[in-house]
Amino acid sequence: MKPITREWISKAEGDWAAANLLFRARRITNYDATCFHAQHLMHKYQITIYWSNEDQVYVAEVPELPGCMAHGDTHELALANSNEAIQLWIDTANEFGDPVPEPRGQRLMLA
């Protein structure tokens, strides 16, 4: 596992633990806030990152969510931006009542 992946997983697990602590500390439970916080930080969709000669940036595409992509000057920035794009995609789908595909949890077949 690459160091950046290990670092991202560690941060996501830490954020999940923090969300659970906040959840348990409240007298009035707010399941939606905890689920949103965890979902926002721990997306499990495949993200494909590649260099675009045309745009001179790294592009991050989320093949399981049609049209969901982001970019950045570095791999790390493209990944961070893609996580925000995923959340925006999910929020928009929910707002309009569109289905949100479940992450496949396995590598997609590439042609």
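List of remarks:
- Classified by the C-alpha gyration tensor, segment 66-108 has an oblate form. Its axis ratio a/c, with a ≥ b ≥ c, is 1.5 or above, and a/b does not exceed b/c.
- Extension gain (nm, one decimal) between Glu95 and Gln56, 0.36 nm per residue minus Cα-Cα: 10.7 nm
- Gln87-His75 pseudo-label distance in nm [points 7 Å out on the Cα-to-Cβ vector]: 2.4 nm
Every number in this text was worked out from the coordinates using simple rules, so none of it is lab data. Everything numeric in this text was worked out from a predicted model, so none of it was measured. Heads up, the Cβs are rebuilt from the backbone with ideal geometry, glycines too, and the neighbour counts pull from every protein chain shown.
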